[in-house]
Each structure stands twice: as C-alpha cells, then as structure tokens.
Amino acid sequence: MQSDFLVIGSGIAGLSFAIHASKYGSVTVITKGKAIESNTAWAQGGISAVLDKAKREMGDDIESHIADTLGAGAGLCKENAVKAIIEQGNETIEDLVNAGVQFDKNKDASYSLGKEGGHSQRRILHCKDTTGFEIATALIETARKIENITILEEHFAVDLITTAKLGIATEDKIVGAYVLDETSGQVKIFRSDKVLLATGGCGKVYLYTTNPDSSTGDGLAMAWRAGATISNMEFVQFHPTCFYNPSAQGAEARSFLVSEAVRGEGGILINAKGEEFTKQHDPRGSLAPRDIVARAIDHEIKKTGASCVYLDVTHKPKGFMKERFPNIYETLLKFGHDCEKSPIPVVPAAHYQCGGVATDIDARTTIRGLYAIGEVACTGLHGANRLASNSLLEGNVMARRALDNIIKTLPHKQKNPIPINIPAWEAGHAAPPDEQVLISHNWDEIRRLMWDYVSIVRTDNRLQRAARRLRNLRKEVREFYWGHTITSDILELRNLVATGMLIVDCATRRKESRGIHYTLDYPEKNELFLSDTEVRRF
Ligand SMILES: Cc1cc2nc3c(=O)[nH]c(=O)nc-3n(C[C@H](O)[C@H](O)[C@H](O)COP(=O)(O)OP(=O)(O)OC[C@H]3O[C@@H](n4cnc5c(N)ncnc54)[C@H](O)[C@@H]3O)c2cc1C
C-alpha cells in the first residue's frame, strides 16, 4: 500500500488533515475498529473559539482566551503555540461548518455560546451535548465523498517504520508503518514518506476513564518505540464528573461523562450532606479549573469515606436539562437516574492526555516526515493543564498547520517514494493466542495499578511501586508478544504498558506539584521545574 499521505486515526485531527491534504495528493486513512470510534465522537461540551462577532458584541477577545489558556497551563504552555492555535479559532469553525457541522444558534441566528470551567467568557460552540458526534459524522461523511481519500477501517497500526529502524544511515526519516488488517489477521506494509499520527489519547490506561475503548495510547507508544521525543506525560487530566455507576456493564455505562458545561449552566457539586464543599478549595467553587475540582472531590471522598459526590441540577427549571443537555438527560434516565429529581452521583475519571509526542508549532516530531496532531501530540498549548474545549480546536488547527508545513517543506506529490527495501512482517513460528485470560488479567492489572498509584494524588513511593510492577508486566507482555500471533488485544496491552511506563517516568522526574500533576512529597510549585519533561528511547 502506498500513498502520498498516510494518516493514522479517524478523529477530528486525522480527518481534518485528510480532507485538506486530498487537494495535494492521495491520502490513506487507517483506523482501528470503525471510523466513528474515537474520542472526538464522544466529546460533549463543545469547541472553544473567539468569533469575530462575539468579539465585538460580547466583549470577548483573543487575548482573554489566550490568558485563560495560559492560566490553566500553570506556567508550562508555550506562548507561541497558544497564540497560533487560538488565533485560528474562526477558521476552525468555518472549516467545520463547511464540512456540515451545524452549531446551535440563538433566535437571532448568532451562535449560542456556552461557558466552561476556567473560561472567563462564553465562547464554547456546541451542538446540544453531542458536539463531538456531529463533528465526527460530518467529517467522516465529507471524507468518504472525496475520491483521493481511502478510509480503511479495522486497520490497526502496529509500528512505525523509520530509516533508523531499517539500519539505513541517513537522517532518521519515516517511511511507513506496519498495519494489522483486523479482518484477515495479516500485517501489511503501508508506505509513505509523510505519516500523520492522529491516534488520540490513552485514557484506558486507568481503571476509571471517560474515554472510549480506542484510547489505548497506541500512537504515543509507537512514536516512543520509533525514537521520537515524548513530553509531559505526567499531565493526565482527570475529569471531575463521570457518572458513578459501579454496577454498570459496558464501556458507555461505566465511563459516561457529565459535561463540564452542566456546571457552566449552574450545576453545583455537593457532598452527601448537601454542602458545596468545592468552595473550601477555591472561591470559584464548582467552576474552578478541572484539576482543582478533581482534587477537591478526591479529598472529599477520602475524608468522608463516601464512594462519590453529587452534581446537583435539581434547582434548574423543569425541562432545562432535557432541552439543553438531551443526551446527558436521556442517557442518565436510561441508567435509571432522573437528574431533575435527584443530584447525579459523580466521581473523577481519567479524561485527557496533555502530554504526548513532542511537536513544534507545525506538528513536526523529532523524526522527519512524522507529524503528530490532536490529543496524541504535545504542542505546548495545554502546558500543565488543558483548558476545557481547547482540544477539538487544537486537533483541527494543527491538522491545517501540519499540511501547510508539508506543502512548504516536503515534496508532497511523490508518485514513487524513494525505493527502500522494507522487510515483510515476520510472524515467526507464532501460534494463535490461546491464553486470553493472561491478556485480560494483565489489562486489568495495569489499569488498577495506574489508578491506585498514579492518578490524581501521587507520591514517590507510589510511583516507585507502579514502576516496579510495570517492569514485570512489560517482561511478561514482551514474551507473549513475541511468542504469539498478534491480535489487537495484545497490541493494545503492549501499548498500555508502554504508556503507563511513560506516565510514571515523567511523573517521577517532576519533583513539584504543578497543574494536574500533584504529589504529596512536593506539594508546591518549584521554579527549577519550569520546563517540559522530555523522554526518549535510545
Ligand atoms: C467523553 C469526552 C468528552 C470530551 N469533550 C470535549 C469537549 O467538549 N471539547 C473538547 O475540545 N474536547 C473534548 N474531549 C477531548 C476531545 O474529544 C479529544 O481530545 C479529541 O477529540 C481528540 O481528537 P483526535 O483526533 O486527536 O483523537 P480521537 O478522536 O481519539 O481519534 C483517534 C483515532 O485514532 C484511532 N487509532 C488509535 N490507535 C490506532 C492504531 N493503533 N491504529 C489505527 N487507528 C488507531 C482511533 O480508533 C480513533 O479513530 C472529550 C473527550 C471525551 C472522551
């Protein structure tokens, strides 16, 4: 398989890139599972942007969006990245509207703008509470109509292929990827000199997460194995309000997110006694930035021994939730909870990966020809904490910036990439895996240990314990990986271990508390650590 552009992942980042790049050459988009299975499709709250009209009429401006983003990022944002991404908000909205997204409007036909934690203004465009699904559907439909784009579902990228891996002595360049066809079980070579990593985040490395099953850190682990620099993986954002539903079956029921926009519209966090406990931690109460709210809940749960806290919307007028948040309202009802009658039980859960594959402001990684866009990347927009609703924006903007850079710097129309002899995938003497129990046991173990030792509140001791156990698991998984025919389960397990180790490694190096990295051993910020944590495999 050969194409001018190889895109791995079919969320907002991968598809935005594919649609624009198709004007310049052939694009292959590979995605594991179905194209709609992505974090993008699960996004609820919306997408932040300062629109020209809002700027004029509502007193919002680019500078205050930048200031809010820098404020959340706790000193680690890269100002050039923040500025470049936020300044392109208008273009992103136009781009999505052109793809067919219909954002909610007011009666006067202006966009209805929501507010979320950490934002000083109303600037979140939304499609009720299924913004991500509308965006994902529109982009998939648009891409499917473009002749130059081939979308291959059930195609799982196993590893990146670089000149260094092939032992070719030049500057390290990307030349393609090994890809498992999940239907036939064959591993194929996909050849391209321009590879876009758009594989999303890694929420599944934690026991409790708001992410869908596809978020297993594959792109991050592949880039790390290929020798790319990885940054800031200690910064994992925990969403404060995931529906607490311990007896539920199935990914959606276990990880159902109650959007921050609900608090933006007046929802209040309370404990079992009805007290607004978040006010003791921050004067902004329920609308303080996510890290503060998540820690406040963690503290409350540990202090009281309760299993959860509550998000109260019972004071809102009857019918409000059904009208403004129909998906949340109906889904909760489906799980047996009427949020208009009683407060919603909630717990924090792993939500967003702020670190990732290090890129510059044009999405370039440290390997030539390999670009990382969307949640898998660390551009410097989020720093030590992401401002709500900035990630859909980042995915689209960085896709367009990556393409601009490719057009300027790389020969984009290359019918015959330089001939390179890439060895076929060596299946060896591997037999089909018959020890499914080992895979599922190790999956559970990683997710539980990451939750217990490496989640909202950390200590050196807990991190060391996690590192020891992850080292053992890595050994076991390696033996299993090399001894058996590969399946997506084994590949995800291998990537989860690598992701866990990267989080622990980065967290261990940061001897301070900043943004969403909080450790009891170093509870204050320390200016000595006012820089990115970078790790690389040699
Ligand atoms: C419940 C929830 C609510 C959210 N709400 C908001 C919000 O309101 N606003 C906001 O800005 N952000 C929100 N986010 C975050 C936002 O949705 C994501 O950060 C963003 O959608 C990431 O887009 P992406 O294109 O980088 O990755 P994704 O949308 O996750 O897409 C990644 C794609 O890569 C594929 N893939 C992964 N590994 C492989 C592999 N090995 N081989 C082939 N394909 C692979 C996946 O199957 C998927 O198609 C939310 C996230 C969640 C989970």
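The values are calculated or read from the model by the stated rules, or taken from the named source; none is laboratory data. Computed from a prediction, not measured in an experiment: that's the story for all the values here. When we count neighbours, we look across all protein chains shown, and the Cβ atoms used for this are built from the backbone with ideal geometry, even at glycine. For the accessible areas, the whole protein counts, side chains as well, though only heavy atoms, and no ligand, DNA or RNA atoms are used. Shrake-Rupley method; radii C 1.70, N 1.55, O 1.52, S 1.80 Å.
So for the stretch 216-234 (the condition being closer than 22 Å to residue 339 by Cβ and in the same structural domain as residue 31 (by TED's automatic domain parsing)), does at least one residue qualify?
Let us first name the residues in the stretch 216-234 that are closer than 22 Å to residue 339 by Cβ, namely none.
Checked against the condition, which is being closer than 22 Å to residue 339 by Cβ and in the same structural domain as residue 31 (by TED's automatic domain parsing), the stretch 216-234 yields no hits at all.
Residues in the stretch 46-67 that are within 16 Å of residue 387 (Cβ to Cβ) and away from the ligand (no atom under 16 Å from the Cβ): 60, 61, 62, 63, 64, 66, 67.
Of the candidates 221, 253, 261, the single residue that is at pLDDT 95 or above and in a helix (DSSP H, G or I) is 221.
The set of residues in the stretch 330-381 that are within 16 Å of the ligand (Cβ to nearest atom), closer than 16 Å to residue 401 by Cα, out of contact with any Gly (no Cβ under 6 Å at 6 or more places or on another chain) and not in a strand (DSSP E or B) comprises 359, 363, 365, 373, 379, 380, 381. Screening 91, 116 for residues that are assigned to a helix (DSSP H, G or I), within 28 Å of residue 327 (Cβ to Cβ) and of a type outside the set (Phe, Trp, Tyr) leaves exactly one candidate, 91. Output the residue which, of all residues in the stretch 29-40 that are open to solvent by less than 30 Å² (accessible area, probe 1.4 Å) and near the ligand (Cβ under 6 Å from one of its atoms), is nearest to residue 136 (Cα to Cα). Out of the qualifying residues, it is 40. The residue pairs whose first member lies in the stretch 39-55 and is without any contact (Cβ under 8 Å) to a residue 60 or more places away in the chain, whose second member is more than 6 Å from the ligand (Cβ to nearest atom), and whose beta carbons are closer than 7 Å, counting only pairs six or more residues apart or on different chains, are 52/90; 53/110; 55/61. Residues of the stretch 141-161 being more than 10 Å from residue 178 (Cβ to Cβ), aliphatic (A, V, I, L, M) and within 15 Å of the ligand (Cβ to nearest atom), which ones? The answer is 143, 149, 151, 152.
Report yes if residue 139 is farther than 19 Å from residue 212 by Cβ and hydrophobic (A, V, I, L, M, F, W, C), otherwise no. For residue 139, the condition - farther than 19 Å from residue 212 by Cβ and hydrophobic (A, V, I, L, M, F, W, C) - is not met. Across the stretch 162-180, what is the total count of residues that are near the ligand (Cβ under 9 Å from one of its atoms) and more than 22 Å from the chain's Cα centre (by Cα)? Residues that pass the stated criteria total 1.
Based on what the data block shows, is residue 207 more than 9 Å from the ligand (Cβ to nearest atom), of a type in the set (A, V, I, L, M) and either within 30 Å of residue 300 (Cβ to Cβ) or open to solvent by less than 40 Å² (accessible area, probe 1.4 Å) (or both)?
yes
Is it the case that residue 161 is surrounded by 14 or more Cβ atoms within 10 Å (Cβ to Cβ) and in contact with a strand residue (DSSP E or B) (Cβ under 7 Å, 6 or more places away or on another chain)? When the stated conditions are applied, residue 161 passes them.
Restricting the first member to the stretch 9-26 and to residues that are closer than 16 Å to residue 411 by Cβ and assigned by TED's automatic domain parsing to the domain that holds residue 150, and the second to residues that are of a type in the set (A, V, I, L, M, F, W, C) and crowded, with 24+ Cβ neighbours inside 10 Å, the beta-carbon pairs closer than 7 Å and six or more apart or on different chains are 21/5; 21/27; 21/403; 25/5.
Got a number for residues in the stretch 481-507 being free of Cβ contacts under 8 Å to residues at least 60 places away in the same chain and either among the charged types (D, E, K, R) or away from the ligand (no atom under 16 Å from the Cβ) (or both)? Of the residues in the stretch 481-507, 6 are free of Cβ contacts under 8 Å to residues at least 60 places away in the same chain and either among the charged types (D, E, K, R) or away from the ligand (no atom under 16 Å from the Cβ) (or both).
Name the one entry in 43, 74, 84 that is within 30 Å of residue 510 (Cβ to Cβ), within 16 Å of the ligand (Cβ to nearest atom) and open to solvent by 10 Å² or more (accessible area, probe 1.4 Å).
On the way: 74 fails: within 16 Å of the ligand (Cβ to nearest atom); 84 fails: within 16 Å of the ligand (Cβ to nearest atom).
Sole residue among the options that is within 30 Å of residue 510 (Cβ to Cβ), within 16 Å of the ligand (Cβ to nearest atom) and open to solvent by 10 Å² or more (accessible area, probe 1.4 Å): 43.
Residues considered: 400, 368. Of these, the only one that is within 26 Å of residue 90 (Cα to Cα) and either open to solvent by 30 Å² or more (accessible area, probe 1.4 Å) or touching a Phe, Trp or Tyr at 6+ places or on another chain (Cβ under 6 Å) (or both) is 400. Within the stretch 119-126, identify whether any single residue is modelled with pLDDT of 95 or more and away from the ligand (no atom under 13 Å from the Cβ), and answer yes or no. No: the stretch 119-126 contains no residue that is modelled with pLDDT of 95 or more and away from the ligand (no atom under 13 Å from the Cβ).
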